[in-house]
Amino acid sequence: MALTQQDMDNEIARHREAYEKSVAEGAPRADHPPRDYPPYRSSLLRHPHQPLVVVATARDPEAVELGSPAFGDTDVTELDNDLTRRHRGEPIGERITVTGRVLDRHGRPVRGQLIELWQANAAGRYAHQRDQHPAPLDPNFTGAGRTLTDDDGGYRFTTIKPGAYPWRNHTNAWRPAHLHFSVFGTAFTQRLVTQMYFPNDPLFPYDPILQSVTDDAARQRLVATYDHSLSTPEWSLGYRWDIVLDGPAATWIEDGR
């Protein structure tokens, strides 16, 4: 029998209460959730229960990268960061600009980093064969882009605001609108994956993935800020979102989920 939203709310509340109790008893605040977080059902299946096994290719970083996925096998071009210009026609939906900086724990810019973005379309549908929920695909939007950070650690994407979509974590489960980001270091094995959300989304309280980030300040750092100065007249609305790689202000990383 599928769990209800009330079941999810109760589980989240129990974990939140246990977390606050441990902090009150002297435990440090945690920016990242446990890897086996019961309200996020698939994390229980993905979380390893045995020590990791070192395979032969793990000793050779170049061998690991030969078999690693990538969104493209060509150089990053000036159009790769504009997801609205990857096809001949205009995509459907609200055009947005998302910009920010990639920073280290001391607030210094991280230059020349490859950033990938992928997302659902305006109807909440991914251009992926495993996404079969009844929402329309957009032939002029495939939802993937990439860019390199500049000398100030800055990045910029133009895209379409994604829609919410259902998932089968529990009864009537819907994911808030979000963008997936990955940031590469100097090798594929340093890849970090996270998500950006949009302000004031009514689905925030009902999403166990976002709620698994128990510390409120860390959770708020996943929400972009609307910045009217970034909005372009008659073209797009602007959002600002920084990615901090380490330290007390670090952005939540998915830990392989």
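The values are calculated or read from the model by the stated rules, or taken from the named source; none is laboratory data. Because the structure is predicted, anything quoted here is derived from the model rather than measured. Here Cβ is always computed from backbone atoms with ideal geometry, including for glycine, and neighbour counts include all displayed protein chains. Please note that ligands, DNA and RNA were not included when accessible areas were found on the heavy atoms of the full protein model with its side chains. Shrake-Rupley method; radii C 1.70, N 1.55, O 1.52, S 1.80 Å.
Could you work out the relative contact order of the chain, using alpha carbon pairs under 8 angstrom and six or more residues apart, expressed as a whole percent?
Computed value for the chain: 24 percent relative contact order.
For segment 123-227, which whole-number percentage of the solvent-accessible area (1.4 Å probe, protein heavy atoms only) is attributable to carbon and sulfur atoms?
52
Explain nothing, just compute: Karplus ³J(HN,Hα) = 6.51 cos²θ - 1.76 cosθ + 1.60, θ = phi - 60°, for every residue of segment 211-222 in order, whole Hz, x for Gly and Pro.
Result, rounded to whole Hz: 6, 5, 7, 5, 6, 4, 5, 5, 5, 5, 6, 8.
Could you report the chain's accessible area per residue, 1.4 Å probe, as an integer in Å²?
Result: 56 Å² per residue.
Which option, [x] 167; [y] 119; [z] 133, is the value of volume of the Cα convex hull per residue in Å³ that was calculated from these coordinates?
[x]
Looking only at GluC sites (Glu not before Pro) in DSSP loops with at most 14 other Cβ atoms within 10 Å, what is the longest site-free stretch of the chain?
Looking at the chain, 95-233 is the longest stretch - no exposed GluC sites (Glu not before Pro) with at most 14 other Cβ atoms within 10 Å.
Can you say what percent of the DSSP beta bridges in the chain, counting only those with both residues inside, are antiparallel? Round to 5.
Within the chain, antiparallel bridges account for around 80 percent of the total.
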